[in-house]
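Okay, structure first, notes after.
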Amino acid sequence: MLHHVSPTLVRSAAAAAHPVAIEDFLDSVGVEPHSRTGRGAFNIWGNAFPAEELPCGTLIEHDRVPFRFPPADGERPDHLRCRGQRIPLPAAQADWIHVLGAAERRTEDSVLLEYADGSVRRQWLRLSDFWPQTGPRFGERLAFRTSAMLYPRHEQRTMSPSVWHQRVSVAVPDGLRALVLPHNPAMHLFALTLVEEQA
């Protein structure tokens, strides 16, 4: 279930959940207003999600995990494609890295978890297709499904693209310092949050 949450709620849950700052890594436009700017290109066909149906620029909670969903105006980048970016992580314990994202075709690839002691561990990131006729293939939960898919010159009301809530396992919870994404531009990420399981 999706909820808009207040900063107070996030602070009260700060010991368990830490949204990750990814603003400096946003590099692609995949969300546009219904009026269209023409810059949206979640895929090579120029498809985009309608901004009016996503929580753009807000702090939201999905399945009790807080996420910072990037702003989207159809002009500035609103998500990142995985191109090997190294993303610094908050200094906090984590059992999971929760992800809001989607892929062009169902896609799985490895990520690297870097630790303060210099060690590196490899884990898997798996994302299902944003295409509306496909369901979750890797056990994700549906975060958003919009009522239409935007095309360069029209919107298709019979297609409802998806954003998925996935998670990456963190085998060693202490000392995590950075996440290195795969070189796989078919994988698109909107938000990341570290989560420590509560006893």
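The values are calculated or read from the model by the stated rules, or taken from the named source; none is laboratory data. Owing to the predicted nature of the structure, the values given are computational and were not obtained by experimental measurement. Using ideal geometry, Cβ is built from the backbone for each residue, glycine included, and neighbour counts are taken over all protein chains shown.
Numbers for the structure displayed
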| item | result |
| --- | --- |
| Set Ala178, Ala171: member being surrounded by fewer than 20 Cβ atoms within 10 Å (Cβ to Cβ) and farther than 25 Å from Asp27 by Cβ | Ala171 |
| Candidate set from the stretch 63-88 (those that are of a type in the set (D, E, K, R), within 18 Å of Gly30 (Cα to Cα) and touching a strand residue (DSSP E or B) at 6+ places or on another chain (Cβ under 7 Å)); member that is surrounded by the fewest Cβ atoms within 10 Å (Cβ to Cβ) | Arg83 |
| Per-region count, the stretch 145-184, residues part of a strand (DSSP E or B), under 18 Å from the mean Cα position of the chain (by Cα) and more than 15 Å from Asn47 (Cβ to Cβ) | 11 |
| Unique match (being touching a residue at least 12 places away in the same chain (Cβ under 8 Å), crowded, with 20+ Cβ neighbours inside 10 Å and not basic (Lys, Arg)) among Trp164, Trp131 | Trp164 |
| Residue match in the stretch 62-83 (condition: among the aromatic types (Phe, Trp, Tyr), within 28 Å of Met149 (Cα to Cα) and either modelled with pLDDT of 95 or more or in contact with a Phe, Trp or Tyr (Cβ under 9 Å, 6 or more places away or on another chain) (or both)) | yes |
| Yes/no for Leu100 being of a type in the set (A, V, I, L, M, F, W, C) and surrounded by fewer than 22 Cβ atoms within 10 Å (Cβ to Cβ) | no |
| Selected residue (only one of Pro88, Pro70, Pro50 is in contact with a helix residue (DSSP H, G or I) (Cβ under 8 Å, 6 or more places away or on another chain) and of a type outside the set (Val, Ile, Thr)) | Pro70 |
| Selection from the stretch 51-95 of residues that are outside any loop (DSSP other than H, G, I, E, B), over 29 Å from Gly38 (Cβ atoms) and over 14 Å from the mean Cα position of the chain (by Cα) | Arg86, Pro88 |
| Subset of the stretch 121-140 that is of a type in the set (S, T, N, Q) and closer than 10 Å to Arg105 by Cβ - its residue that is modelled with the lowest pLDDT | Thr134 |
| Residue that is modelled with the highest pLDDT, among those in the stretch 30-61 that are crowded, with 20+ Cβ neighbours inside 10 Å and of a type in the set (Phe, Trp, Tyr) | Phe49 |
| Criterion violated by Asp27 - all others in (1) out of contact with any Gly (no Cβ under 6 Å at 6 or more places or on another chain); (2) more than 26 Å from Glu197 (Cβ to Cβ); (3) modelled with pLDDT under 95 satisfied | (3) |
| Criterion: farther than 16 Å from His18 by Cα, out of contact with any Ser or Thr (no Cβ under 6 Å at 6 or more places or on another chain) and surrounded by fewer than 15 Cβ atoms within 10 Å (Cβ to Cβ) - qualifying residue of Arg145, Arg153 | Arg153 |
